[in-house]
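The block underneath contains the structure these notes are about, expressed in structure tokens.
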Amino acid sequence: MITPSLKTWIALVLLLPAASMLAAANPNWTTPIAPFQIADNLYYVGSKDLASYLVVTPKGDILINSSLEGSPPLIRKSVEQLGFHFADIKILLISHAHFDHDAGSAEIKRLTGAKYMVMDGDVPVVESGGAQDFHYPQDLYPAVKVDRVLRDGDQVRLGGVALVAHKTPGHTRGCTTWTMRAPIGGHLRDVVMVGSWNVNPGFRLVDKPGKPASYPGIATDYEHTFVVLKGLPCDVFLGAHGEYFDMLAKLERAKAGAGESVWIDPEGYRAAVAERQQAFEAELKRQQGGA
Ligand SMILES: [Zn+2]
């Protein structure tokens with residue numbers, strides 16, 4: 001990875017809003033990658049790290065994650081490279097309401113007319129273009145009207161495919177882990193797309209005098225999220241960022257001959273959930289200790 005010079009950093013800080021700065025500092029967010037197939041009806045159409053998934057059905061397609069405001073052309077190119085039509089996207093979903101997963105939604109809706117379905121806790125953030133976010137109210141992007149408000153456990157159905165919305169809050173109030181059953185090599189597999197399990201720098205998990213928690217109940221929400229994630233049956237381990245599931249390394253192995261089987265990684269899923277839970281608990285302890 002190229003380290004920007006001090007001069008570049010100063011220019012970035014002066015000229016760009018926080019969101020663009022982050023994108024500039026994460027080149028993998030905007031670097032294209034050849035789209036690839038994960039299951040018979042499931043494809044990766046994101047960048048090198050910002051994951052977007054296309055679920056293909058006979059009644060039209062579902063896109064998960066619109067990513068950055070500038071991402072739709074990259075996503076569109078990937079969809080078309082696979083031989084699908086962008087206009088066939090009927091439903092747009094997101095992992096959670098942060099600008100790296102939802103800022104392109106206005107443009108995707110404009111181009112496809114897709115119905116936008118968002119978990120209840122994230123709706124105010126999406127509909128205010130990021131202004132209602134508890135930690136990043138300065139990371140603004142085009143506001144979008146939500147067509148269907150989702151509740152924990154709701155199903156999104158199209159053309160014989162059912163995606164289940166599991167509310168896994170903490171990282172955002174409506175952070176969503178999507179699951180579906182998808183065929184790989186003649187076997188139906190349990191697919192998990194982790195919404196997020198990270199405590200970002202600056203998130204306050206504990207109420208302190210003059211320094212309230214980032215939002216009331218955030219620590220309990222994270223605890224609930226880990227219970228949910230540990231309970232999900234998982235064969236195919238995916239997530240909102242490629243780095244959650246070691247995508248680039250797995251892709252190398254897939255290209256080297258392992259094929260789609262690299263995405264079947266129940267042990268990797270369980271280990272990653274356990275590692276992230278430990279990280280959360282350590283951070284909670286640190287904040288409770290008054291550090
Ligand atoms: Zn996020």
Here is a list of conditions, (1) without any contact (Cβ under 8 Å) to a residue 24 or more places away in the chain; (2) not in a loop (DSSP other than H, G, I, E, B), and F226 meets all of them except one; can you say which number that is? (1)
Picking from V191, V199, the residue that is surrounded by 17 or more Cβ atoms within 10 Å (Cβ to Cβ), within 13 Å of the ligand (Cβ to nearest atom), among the aliphatic types (A, V, I, L, M) and more than 21 Å from D120 (Cβ to Cβ) would be V199
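Yes/no per residue for (1) in a loop (DSSP other than H, G, I, E, B); (2) under 22 Å from T57 (Cβ atoms); (3) open to solvent by 10 Å² or more (accessible area, probe 1.4 Å); (4) within 16 Å of the ligand (Cβ to nearest atom):
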position	(1), (2), (3), (4)
S95	yes, yes, no, yes
Q132	yes, no, yes, yes
Y136	yes, no, yes, yes
P142	yes, no, yes, no
R157	no, yes, yes, no
V164	no, yes, yes, no
Considering every residue within the stretch 106-114, establish whether at least one is within 16 Å of the ligand (Cβ to nearest atom), open to solvent by less than 10 Å² (accessible area, probe 1.4 Å) and of a type in the set (A, V, I, L, M, F, W, C). no
Any residue at all in the stretch 220-229 that's hydrophobic (A, V, I, L, M, F, W, C) and crowded, with 19+ Cβ neighbours inside 10 Å? yes
It is to be established whether one or more residues within the stretch 251-270 are more than 30 Å from K48 (Cα to Cα), more than 19 Å from the chain's Cα centre (by Cα) and open to solvent by 70 Å² or more (accessible area, probe 1.4 Å). no
Subset tally (residues that are assigned to a loop (DSSP other than H, G, I, E, B) and among the β-branched types (V, I, T)) for the stretch 176-199: 1
When you look at E243, is it open to solvent by 40 Å² or more (accessible area, probe 1.4 Å), without any contact (Cβ under 8 Å) to a residue 60 or more places away in the chain, within 25 Å of S52 (Cα to Cα) and acidic (D, E), yes or no? no
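The values are calculated or read from the model by the stated rules, or taken from the named source; none is laboratory data. Please read all numbers here as calculations on a predicted model, not as lab measurements. Virtual Cβ from ideal backbone geometry, glycine too; neighbours counted across all protein chains shown. Note: accessible area is taken over every heavy atom of the protein model, side chains too, but ligands, DNA and RNA are not part of it. Shrake-Rupley method; radii C 1.70, N 1.55, O 1.52, S 1.80 Å.
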